[in-house]
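To start, the structure under review is shown below, and the notes come after it.
Read-outs: derived from the displayed coordinates by stated rules, not from any lab. These numbers come from a predicted model, not from an experiment. Backbone-built Cβ (ideal geometry, glycine too); neighbour counts: all protein chains shown.
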4 protein chains.
Amino acid sequence: MREVRKEELMNMFHTQAPISRYFGMRMSFSEDGSAIVELPYNPNLDHALGGIHGGVYATMLDTAGWFTVAVARGDSSWVVTSEITVRYLEPVEKMSLRAIGKLIRQGKRQDVAEMHLIDERDRLVGHATGAFMVIPQNPMTAKDETG
Amino acid sequence: MREVRKEELMNMFHTQAPISRYFGMRMSFSEDGSAIVELPYNPNLDHALGGIHGGVYATMLDTAGWFTVAVARGDSSWVVTSEITVRYLEPVEKMSLRAIGKLIRQGKRQDVAEMHLIDERDRLVGHATGAFMVIPQNPMTAKDETG
Amino acid sequence: MREVRKEELMNMFHTQAPISRYFGMRMSFSEDGSAIVELPYNPNLDHALGGIHGGVYATMLDTAGWFTVAVARGDSSWVVTSEITVRYLEPVEKMSLRAIGKLIRQGKRQDVAEMHLIDERDRLVGHATGAFMVIPQNPMTAKDETG
Amino acid sequence: MREVRKEELMNMFHTQAPISRYFGMRMSFSEDGSAIVELPYNPNLDHALGGIHGGVYATMLDTAGWFTVAVARGDSSWVVTSEITVRYLEPVEKMSLRAIGKLIRQGKRQDVAEMHLIDERDRLVGHATGAFMVIPQNPMTAKDETG
């Protein structure tokens, strides 16, 4: 059941989200439902001093959190990211990155997740927590929703 | 003096930051030193449901905050984004966006800025505050620094 | 109409909230609906080095944000603080403090406010933004609600 | 060595911090260095609807994070709370609370910690992460410092 949901969400991300291809992100789930977002080094996403832009950290952390929360909900409800607090711990240059989500709490109105960003040397380079509002609706109409 | 600094930073962003071209972002400064980041609609940055990905909000808000803080410092010191809290207020589809920075406080060790994200109908669609650590160093070596 | 609501909320805070008396906080509203929380210096709230504890900053900023959001809603709905990001800008010793709320955005499911903390020399010593979830319910039952 | 530091910090909190007595907070450390802040129910800290005020959550979470970071540093440097993001997950009434800190990352200029707030039924009722700036100075002069 949850395996079906994982497949649906992975498929949605890889085939329907233009940003996944444009960045080069791949998403999968661990057995216990943590979303893992991987990004091989993409020089188009560097900032002016040759490091990977902080916006890439935020994008990966947000994505890992959202999918971790979404897969835990099943398909009867939907979530939208409401807020994310991103901490930039280490600068990174010319490296692949991996963001991993972890569900902190599932609630009636909002879920909370924690996300870690790891570089290819296994250093913790970014950290985030996020709040995701629950929308009791079909995903296909959810895009018109506001938080 | 500060006008020279503005030109240097704009030039740095537009000619040396690959992400500015890849997203299609342009950056300028208001008279009073607020950085303004503009992004025409780029379909490559959409999420799976056809809206603009939250990571784009975060990238633009972070960039507007960083440049607002950097121009206020002059060229004798440097800043790195330490943390950013991003609030997603409204979803946006197929629209240009504009992020505007505002300096909240300049400190000895860190600066704080507030950032607004506005869509082409002038709605407030995102909000952020960020902390930017001060690094007393030449920009060209600053890239090896850690927060 | 809104004046009545202001009176109700002020009365509620001063007569029913034990923490208001225990800290020594007083709350009022500006004409445009910003909640203002004032606290004369209370030595019981100092930390070990003689400054005012950061928890006092957070308490005052949270309170100013909550009442600003609550008065703007009128009495047909209720809000609970969902998350608050507090920035400690300056340490303060033996001084009165004043927190002021400002509504950033009113939404269907949550409101966002910004709060400033000012010391008696008019320095900005703390800053916060917060998210407040809307609960479509009578206040008297709202206390059993969860976010 | 670290045991000595633990004793010093516990002693500092219990004998020199007026707020610890005023709230009724006790602080200790786990073997691995997590600060644990405990608070028996204190009706003076309730809000108007009979629950424990959010400012108490923030105070306990901030304290648990600060002491966790401080004990890990030893006595040659000092830290000040720079920012804390507090999430209110569940309301609590008439219960003791326990906040627990966890070091996420130790850096050159700032440390990051995560904190959990647990009620007497072992529910997770609050969560926070915080940034703590490092100040290379003797604690006794640190109180005049600004972030």
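List of remarks:
- Average partner coverage of D:19-25, which counts Cβ from other chains inside 10 Å: 4
- Shielding by partners - mean other protein chain Cβ count within 10 Å, residues of B:61-69: 2
- Counting every other Cβ atom within 10 Å of each residue's Cβ, A:VAL79, A:VAL134, B:VAL86 order from fewest to most as A:VAL134, A:VAL79, B:VAL86.
- Kirkwood hydrodynamic radius of chain C, from the reciprocal of the average inverse Cα-Cα distance over all distinct pairs: 15.5 Å.
- Mean partner shielding of peptide B:101-109, defined as the number of other chain Cβ atoms within 10 Å of each residue Cβ, is 4.
- Degrees separating the helix D:2-16 axis from the principal Cα axis of chain D, which is the longest one: 60
- Cβ-placed point charges (K, R +1; D, E -1), dipole of the stretch A:2-146 about Cα centre in debye, nearest 20: 180
- Pairs of lysines in the stretch A:1-145 (C-alpha under 22 Å apart; 8 or more residues apart or interchain): 4
- For the stretch C:1-102, trypsin sites (Lys or Arg not before Pro) meeting the loop criterion (DSSP other than H, G, I, E, B) and having at most 13 other Cβ atoms within 10 Å: C:LYS94.
- Compared with the dominant Cα axis of chain B, that is its longest principal axis, helix B:54-73 is turned about 30°.
- A Stokes-Einstein calculation at 4 °C with viscosity 1.567 mPa s, built on the Kirkwood radius of the protein assembly as shown over Cα pairs, returns a diffusion coefficient of 54 µm²/s.
- Residue-averaged [θ]222 nm for the protein assembly as shown, counting only DSSP H segments that reach four residues, each worth -39500 (n - 2.57): -9500 deg cm²/dmol
- The label-point distance for A:ASP75 and D:THR15, in a model that sets each label 7 Å from Cα toward Cβ, rounds to 6.5 nm.
- Total charge dipole magnitude, the stretch A:1-42, about the Cα centre, Cβ charges on Lys, Arg, Asp, Glu only, Debye to nearest 20: 160
- Of the GluC sites (Glu not before Pro) found in the stretch C:1-99, those that fall in a DSSP loop while having at most 14 other beta-carbon atoms within 10 Å are C:GLU31, C:GLU93.
- In this calculation the C-beta distance from D:ARG26 to B:GLN106 is compared with R0 = 45 Å, giving a FRET efficiency of 0.70.
- Think of each Lys and Arg Cβ as +1 and each Asp and Glu Cβ as -1; about the Cα centre, that makes the dipole of the protein assembly as shown roughly 0 debye.
- Only one residue of D:HIS47, D:ALA35, D:ALA70 has its Cα farthest out toward the positive end of the dipole of the stretch D:31-129, where Lys and Arg carry +1 and Asp and Glu -1 on Cβ, and that residue is D:ALA70.
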